[in-house]
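Encoded as structure tokens, the structure appears first; notes follow it.
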Amino acid sequence: MSHTVKITTTTTSNSNAIILNSGYLKTVPGLLKLGELILGIISVGIVAYYYTNGYNVYFKGDLFFFLMATTFMICTFCLLLSCLISWSTGGLISKTMFELIYHAVATILLLASSVNFLVKINNHVWKNTVHEAYMAASIIGLINTILYLLSAIFAQRQYRGI
């Protein structure tokens, strides 16, 4: 019985240069992570600006939203960065259960915090620029929830090998 064996050689050099895996950003999971990160930065920036300027006494629910958006923004940044600076991470981490669990938890908690924040804002009697900015942040949080849901679906398909 004969077998065909293919031998692949890879030449590596020991250098201090950091090579980015920019091809990861051309994949659907890479684009979703980039979108999640950008929307997370925007929503955290809006809430942080008004929260630190003393507007948190008017609205309730902003701290829960702020914590959830910040938590998932930081973890998404770490995931994206690890996939960009390592050639193997993007392919390996998508085959583990971590990415599916992370995106499912992010979807649930970000949805809960965005809806809670949106309800608290809509029940507020005073309408001003803070109201509009917080409304925009909560809507961005809902859009980000959709991106995390799509990432969870892609992670589930990747984990199952579909």
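The values are calculated or read from the model by the stated rules, or taken from the named source; none is laboratory data. All of these numbers come straight from a predicted model, not from anything done at the bench. Note that we place each Cβ from the backbone using ideal geometry, even for glycine, and neighbour counts take in every protein chain shown. Just the protein is used for accessible areas: all its heavy atoms, side chains included, with ligands, DNA and RNA removed. Shrake-Rupley method; radii C 1.70, N 1.55, O 1.52, S 1.80 Å.
Remarks
- Going through (1) at pLDDT below 95; (2) closer than 18 Å to Ala136 by Cα one by one, Glu99 falls short only on (2).
- Boolean, Ala106 is open to solvent by less than 40 Å² (accessible area, probe 1.4 Å), under 13 Å from the mean Cα position of the chain (by Cα) and within 20 Å of Gly45 (Cβ to Cβ): yes
- Looking only at the stretch 117-162, residues that are within 19 Å of the chain's Cα centre (by Cα) and open to solvent by 90 Å² or more (accessible area, probe 1.4 Å) come to 3 in all.
Residues checked against (1) within 21 Å of the chain's Cα centre (by Cα); (2) modelled with pLDDT of 90 or more; (3) more than 18 Å from Ala112 (Cα to Cα); (4) open to solvent by less than 90 Å² (accessible area, probe 1.4 Å):
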residue	(1), (2), (3), (4)
Leu20	yes, no, yes, no
Lys33	yes, yes, yes, yes
Val47	yes, yes, no, yes
Val57	no, no, yes, no
Cys83	yes, no, yes, yes
